[in-house]
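Reading through the structure tokens given below for one structure.
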Amino acid sequence: MNTDETTAGHLQELRRGTVVLACLVRLRTPDYGYALLESLNALGILVDANTLYPLLRRLEKQGLLTSEWNTDEARPRKFYRTSPTGVELADTLMTDWRRIDDALAGLTDGDES
Amino acid sequence: MTANTLTDRYVWAAARSVPEAQRDELERELRERIGDASDALVEQGRTPADAEHAALTALGDPAALAAEYVGRPLQLIGPRYFLVWWRLLKFLLAVVLPIAVAAVTLGQLLSGADVDEVIGSAVAGAFSIAVHLGFWTTLVFAILERTPAAAGQRGIDLEWKPEMLPQIAEDGRTNRLVDLVASLVLLGIFGVLLVMQQFGLPWVDALSSMPLLDPALWSFWLPYFLVLIVLEAAFAVAVYLRGWTWGLAGANLVLGAAWVVPGLWLYATGQLFNPAALEAVGWPWGDAGEVIAPIAVVVVIAGAAWDVIEGFIKAARSQQRITAA
């Protein structure tokens, strides 16, 4: 049980930054909170609503996302879109993600040989 | 459906604790979020009321949500100030509390209170001073925690530097702890004796209800000696904390002189002892008085001188250790 908790904690830490990256990439097409949550979870990027909504607001505050209220439907919804700064950051994060992946792959290969 | 749905109540509870300017935005965001979450649950076959309830449960306490929304801390004192708060509190409790309790006790003694009354007010005073120190210190830091620091500033917390590392407690410190405890106990006993003798010395028959020292000394000299005892106690703590230094050895000289000079002067001018008490014990004891009195004076002077010299020797030794290290 304790091991499960430790595993869960480490997984959460490992995934934390990837949710930011996923949002920045996914929101190059504007979308609202719940639709984003659904689509990320459908892709296997598991994220909780209580994490995602505050995250969106934080990214907006940092100027990485812009938002706009859509009042066409009965329920007004806040649509988020990745800003140019956000796109730049996404590129940087993605490059780093690939570099880490290569490095880890190198480590694993080293183990096997 | 009642006029106010659970959603209305939730939104109101969350919005009322955020600043006016952010309220509308938060309300709209929350309604979108709750609506979307309940709709999804209804699609899975839940009743609307049930879905709304579940969506709100998942959101959690509205006060916590609002606090996160505006970035308000949910702890009294966070990691930024905790260590500064903790160090200051320990310092105040270690320094202010004993001094204040000593002052309360001294005041009670001077006003001639009973021993149990003195102990009672010392304990009550210590408790209330400790509570005040804790409360006000914590209040100030809780306010600081909620005061945003100017951009690029760290607030009042000091940047930690390696120079702030404590000295490793050398063996000297354990020895000094023994010295400290011994000094404090002796000073305490001496202080109590100084006060108690006013009511007589129960173990000497002739003096069982008669002050040994001249009661006229209460007008100045006995309070003076009681203050000296408090200073000596503070001095003993300083020696324990910092080890013997030249400065402390000098202070020891001053303190020693502050005891011995007035004490001998009072004795020499016949003001020290209560004449009635001397008479009661039949002083001077024949020819013995002529011998005992000078010996006592020499012993007091020699003892005081040795204490002063010992202070300088210890200071010299610890300076040597520092240079050698």
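So the values come out like this:
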| item | result |
| --- | --- |
| 1.4 Å probe, heavy atoms, protein only - residues of the range B:51-92 losing at least 20 Å² accessible area vs chain alone | B:58, B:68, B:69 |
| Pairwise label distance in nanometres, residue B:317 with residue B:122, each label 7 Å out on the Cα-Cβ vector | 3.1 nm |
| Rounded tilt (10° steps) of B:79-110 against the dominant C-alpha axis of chain B | 40 degrees |
| In Å², nearest 10: area of residue A:38 left accessible to a 1.4 Å probe | 100 Å² |
| Residue of B:162, B:73, B:62 that the Gaussian network model of chain B assigns the largest fluctuation, springs spanning Cα pairs under 10 Å | B:162 |
| Protein accessible area in the range B:6-70, 1.4 Å probe - carbon and sulfur % | 52 percent |
| Residues residue A:108 and residue B:40, FRET efficiency given R0 of 41 Å [Cβ-Cβ distance, rounded to 0.05] | 0.55 |
| Portion, in percent, of the accessible area of the range B:75-164 that falls on carbon or sulfur, probe 1.4 Å | 73 percent |
| Fluctuation leader among B:224, B:240, B:69 - chain B, Gaussian network, Cα springs under 10 angstrom | B:69 |
| Inter-label distance for residue B:138 and residue A:18, nm, one decimal - labels placed 7 Å from Cα along Cα-to-Cβ | 4.3 nm |
| Chain B: Cα Rg divided by the 2.2 N^0.38 Å rule of thumb | 1.70 |
| Lys/Arg +1, Asp/Glu -1 at C-beta; the range A:15-112 dipole; positive extreme among A:105, A:76, A:87 | A:76 |
| Whole-Hz couplings from phi, Karplus 6.51/-1.76/1.60, listed for the range B:215-230; x for Gly and Pro | x, 4, 5, 4, 5, 8, 5, 5, x, 4, 5, 5, 4, 4, 4, 4 |
| Accessible-area value, residue B:23, 1.4 Å probe, nucleic acids and ligands omitted, Å² | 60 Å² |
| Inter-centroid distance (Cα atoms) of the range A:24-48 relative to the range B:84-126, Å | 63 Å |
| Accessible surface ranking that places the most exposed of B:106, A:36, A:89 first, with a 1.4 angstrom probe | A:89, B:106, A:36 |
| Candidate lysines - alpha carbon under 24 Å from residue B:161, same-chain residues fewer than 8 apart omitted | B:90 |
| Heavy-atom SASA rank of A:18, A:82 (probe 1.4 Å, accessible area, largest first) | A:18, A:82 |
| Whichever aspartates and glutamates have a C-alpha closer than 14 Å to that of residue A:61, once near sequence neighbours (fewer than 8 apart) are set aside | B:25, B:68 |
| Listing of the range A:70-113 residues, each with accessible area lower by at least 40 Å² in the full protein assembly than in the chain alone (probe 1.4 Å) | A:75, A:78 |
| Cβ-Cβ FRET estimate between residue B:189 and residue A:2, R0 fixed at 56 Å, reported to 0.05 | 0.55 |
| Using alpha-carbon coordinates, inclination of helix B:48-59 to the longest axis of chain B, degrees | 30 degrees |
| Full-stretch length increase - residue B:310, residue B:231 - with 0.36 nm per residue and alpha-carbon distance subtracted | 26.5 nm |
| Equivalent ellipsoid, the range B:225-325 (semi-axes from 5 times Cα gyration tensor eigenvalues, Å) | 36, 15, 9 |
| Dimensionless Rg/Rh of the range A:15-112 - Kirkwood Rh, Rg from C-alpha atoms | 1.08 |
| Solvent exposure of the range B:239-306 as accessible area per residue, Å², 1.4 Å probe | 59 Å² |
| Angle in degrees between helix B:171-196 and the longest Cα principal axis of chain B, rounded to the nearest 10 | 70 degrees |
| For residue B:214, distant residues with modelled amide H under 5 Å away | B:273, B:274 |
| Burial of 20 Å² or greater, the range A:22-54 residues [accessible area, probe 1.4 Å, versus chain by itself] | A:34, A:50, A:53, A:54 |
| Translational diffusion of the protein assembly as shown, µm² s⁻¹ [Kirkwood Rh, Cα pairs; Stokes-Einstein; 10 °C; 1.306 mPa s] | 53 µm²/s |
| For the pair B and A, total buried accessible area rounded to nearest 100 Å², probe 1.4 Å | 1400 Å² |
| GNM top mover of A:39, A:67, A:83 - chain A, alpha-carbon springs below 10 Å | A:39 |
| Residue-level accessible surface for residue B:161, protein heavy atoms, 1.4 Å, Å² | 110 Å² |
| Scaled radius of gyration (Cα, divided by 2.2 N^0.38 Å) that the range B:52-94 gives | 1.85 |
| Accessible area of the range B:208-325 belonging to carbon and sulfur atoms, whole % at 1.4 Å probe | 73 percent |
| Length gained when the stretch residue B:293-residue B:113 is fully extended (0.36 nm per residue, less Cα-Cα span) | 61.4 nm |
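The values are calculated or read from the model by the stated rules, or taken from the named source; none is laboratory data. Note that the structure is predicted; figures quoted are calculated from it, not measured. Counting neighbours? That spans all protein chains shown, and the Cβs are built from the backbone with ideal geometry, glycine included. Ligands, DNA and RNA are stripped out before the accessible areas are found, and what is left, the full protein with its side chains, is counted by its heavy atoms. Shrake-Rupley method; radii C 1.70, N 1.55, O 1.52, S 1.80 Å.
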